[in-house]
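Here the structure comes first, spelled out in structure tokens, and everything after it is commentary.
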Amino acid sequence: MLSENLSEKLQIRTLSIVLLGDFNPVIIQPFWLAQKKLIKEYEAESANVELVHNEVCRFDLGWVTFEITKRRFEMKTSNQAFFEPIKDLIISIFGYLSETPINSMGINHVFHILYSNDERYFEVGDNLVKFPIWDGIIEKPKLLAIEIIEPERTEEFPGSIRVRIEPSDQITPFGVAFRINDHYTINKSEDGRHGEIMNALKSNWQKSFERIDSLMTTLYGKL
């Protein structure tokens, strides 16, 4: 759970689930989802379908957006009430498409934080980077973006944590985006065709939120 202080400053929280594997973009469309009873008929009828092509399918159901290519599947929402439903929906989708090879997954958390003024805003960068090393090289240096990775996680499913901090593209003028990728991969002995990644999603869903909320609360407190 996020700290009270952080929750007060949080303007937008976005969640996306990204799968990497071998997909057929033209299969997963609004009316296919409705046919399988995964969404309501009226949701399929009112969906904003941006593109349907052999290479990419992109549509918006109002509460979740889909973007599917031959190598990448993404569902995304900024409405926290639908975080749990998108997890359930993606598990149901690949229950029907159970033989789809999926080799990795990212549970991606994005926090858009609003700072009170430019002094506090630039202080975030000052706390993340040692600027004195730039003396005599760049005049008045400011941090544009930084990315940190924890390359190996010693748990049941191999993976990593990646944190990227940059100016928010949603909140201005003093918004900062904290983009945290909780990444999972299959073991080398697996082929991704037996629900390995869906099992990882089921067993790590709550852990991911606990892990990322704790990380974000600690990081925010140090900035």
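Remarks
- If the condition is being within 15 Å of the chain's Cα centre (by Cα) and in a strand (DSSP E or B), then region 48-67 contributes Thr65, Phe66, Glu67.
- Taken over region 53-111, the residue count meeting the criterion of being surrounded by fewer than 17 Cβ atoms within 10 Å (Cβ to Cβ) and among the basic types (Lys, Arg) is 3.
- Options Ile165, Ile146: the member that is farther than 18 Å from Ser104 by Cα and surrounded by fewer than 18 Cβ atoms within 10 Å (Cβ to Cβ): Ile146
- Any hit, region 184-207, residues being touching a His at 6+ places or on another chain (Cβ under 9 Å) and buried (at least 18 other Cβ atoms within 10 Å of the Cβ): no
- Residue pairs meeting the criteria (Cβ under 8 Å; at least 6 apart or on separate chains; first outside any strand (DSSP E or B), in region 10-24; second among the basic types (Lys, Arg)): Asp22/Lys70; Asp22/Arg71; Phe23/Lys70; Phe23/Arg71; Phe23/Arg72; Asn24/Lys70
- Of all the residues in region 157-173, those that are assigned to a loop (DSSP other than H, G, I, E, B) and hydroxyl-bearing (Ser, Thr, Tyr) number 2.
- For region 11-24, the candidate set comprises residues that are surrounded by 16 or more Cβ atoms within 10 Å (Cβ to Cβ) and of a type outside the set (Val, Ile, Thr); within that set, the residue that is farthest from Cys57 (Cα to Cα) is Arg13.
- Considered as a group, the residues in region 68-95 that are part of a strand (DSSP E or B) and either hydroxyl-bearing (Ser, Thr, Tyr) or touching a Pro at 6+ places or on another chain (Cβ under 8 Å) (or both) include one that is nearest to Lys202 (Cα to Cα), and that residue is Thr77.
- Condition met for Leu61 (within 17 Å of Glu74 (Cα to Cα) and without any contact (Cβ under 8 Å) to a residue 12 or more places away in the chain): no
- Which listed residue, of Leu61, Leu51, Leu38, is under 24 Å from Glu196 (Cα atoms) and of a type in the set (A, V, I, L, M): Leu38
- Here is the figure for region 102-156: residues that are part of a loop (DSSP other than H, G, I, E, B) and under 19 Å from the mean Cα position of the chain (by Cα) total 4.
- Among the numbered conditions (1) closer than 27 Å to Lys87 by Cβ; (2) surrounded by 12 or more Cβ atoms within 10 Å (Cβ to Cβ), the only one that Pro151 does not meet is (2).
- Within region 25-39, the set of residues being of a type outside the set (Val, Ile, Thr), in a loop (DSSP other than H, G, I, E, B) and buried (at least 16 other Cβ atoms within 10 Å of the Cβ) comprises Pro25, Gln29, Leu38.
- Residues satisfying the stated conditions in region 171-210, i.e. touching a residue at least 40 places away in the same chain (Cβ under 8 Å), out of contact with any helix residue (DSSP H, G or I) (no Cβ under 9 Å at 6 or more places or on another chain) and under 30 Å from Lys142 (Cβ atoms): Ile171, Ala177, Arg179, Asn181, His183
- Taken as a whole, region 40-47 holds at least one residue that is at negative phi, touching a strand residue (DSSP E or B) at 6+ places or on another chain (Cβ under 9 Å), outside any helix (DSSP H, G or I) and not acidic (Asp, Glu).
Read-outs: derived from the displayed coordinates by stated rules, not from any lab. What you are looking at is a predicted structure, and each value in this text was computed from that prediction instead of being measured. Positions of Cβ are generated from backbone atoms using ideal geometry, with glycine treated the same way; all protein chains shown enter the neighbour counts.
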